[in-house]
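A quick write-up on the structure given underneath.
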Amino acid sequence: MTAWELRRATAADVPAIMELERSTFVTDAWSERTMRSEVAGEHGYYLVAFEPGEESRIDAYAGLLAPRGAGEGDIQTIAVAPHARRRGLARALMNDLIGEARSRGAQEIFLEVRDDNPGAQALYVSLGFEEIGVRPQYYQPDGVDAIVMRLAVPTPETTIA
């Protein structure tokens, strides 16, 4: 089983992120300009995942928008390369984003997920997200509905060792 390293994304990662973005979201990929702005944004927190020693090959990325003190955050995007799926990488990225949102004072996190992506929906439910609405035909040009989900950010649990 591969163990990935996670680190904060930088502008230098954007070309590799865009390769994965375009191959994952074929019809509705973000522009490079948008991605660069998100990665560098003051209120964003973007992660990349790679195999040890392979920093230039991004196997996954994920992003959070959570201004400090705003009380809420939004999972902006997450993508995992096909060869790295179903191995816990998306869960690791999401847990890191949830932790970062908590550290920024978020009490709720929102996201949209494609109605035709049951695997992602199951992951989000397993992390405690609940469906709160639907945005009809949100994903264009495909006309696919977005399921809007919300997580009440759990407080960290401490246990006695």
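The values are calculated or read from the model by the stated rules, or taken from the named source; none is laboratory data. What you see is a predicted model; the values in this text were computed from it and never measured. Here the Cβ positions follow ideal geometry from the backbone for every residue, glycine too, while neighbour counts run over all protein chains shown. Accessible surface is based on the protein model in full, side chains and every heavy atom, while ligands, DNA and RNA are left aside. Shrake-Rupley method; radii C 1.70, N 1.55, O 1.52, S 1.80 Å.
Show me 40-52, 69-81, 115-127 ranked by packing, highest mean number of other Cβ atoms within 10 Å first. Kindly include the intermediate steps, with their values, before the conclusion.
Values: 40-52: 16.9, 69-81: 18.5, 115-127: 14.3.
So the peptides 40-52, 69-81, 115-127, ranked by packing, come out 69-81, 40-52, 115-127.
Computing the accessible area with a 1.4 Å probe over protein heavy atoms, can you report the carbon and sulfur percentage for segment 49-148? Intermediate values should be presented prior to the final figure.
Numbers: 2250 of 4880 Å².
The nonpolar share, carbon plus sulfur, comes to 46 percent.
With just the Cα atoms defining each centre, how far is segment 21-68 from segment 107-161? Give it in Å.
Here the two parts' Cα centres lie 18 Å apart.
Applying the Karplus parametrisation 6.51 cos²θ - 1.76 cosθ + 1.60 with θ = phi - 60° to the phi angles of segment 64-81, what ³J(HN,Hα) value in whole Hz is obtained for each residue in order, glycine and proline being reported as x?
10, 10, 7, x, 4, x, 6, x, 8, x, 9, 6, 7, 6, 7, 8, 10, 4
Using a probe of 1.4 angstrom, how much of the accessible area of segment 1-44 is carbon and sulfur, in percent?
Its accessible area is 51 percent carbon and sulfur atoms.
Compute the signed sum of charges (Lys and Arg +1, Asp and Glu -1) over the other residues within less than 11 Å, Cβ to Cβ, of Gly119. Don't jump to the answer; show the numbers that get you there.
Numbers: positive: Arg85, Arg86, Arg114; negative: Asp116.
Surrounding charge for Gly119 is +2.
Calculate, for the chain, the solvent-accessible area per residue in square angstrom, rolling a 1.4 angstrom probe over the heavy atoms of the protein chains.
On the way: 8770 Å² over 161 residues.
So the chain comes to 54 Å² accessible per residue, rounded to a whole number.
Classify the chain as rounded, prolate or oblate from the Cα gyration tensor: take a ≥ b ≥ c as the square roots of its eigenvalues, call it rounded if a/c is under 1.5, otherwise prolate when a/b beats b/c and oblate if not.
Working: a/c = 1.33, a/b = 1.05, b/c = 1.26.
Note, shape of the chain comes out rounded.
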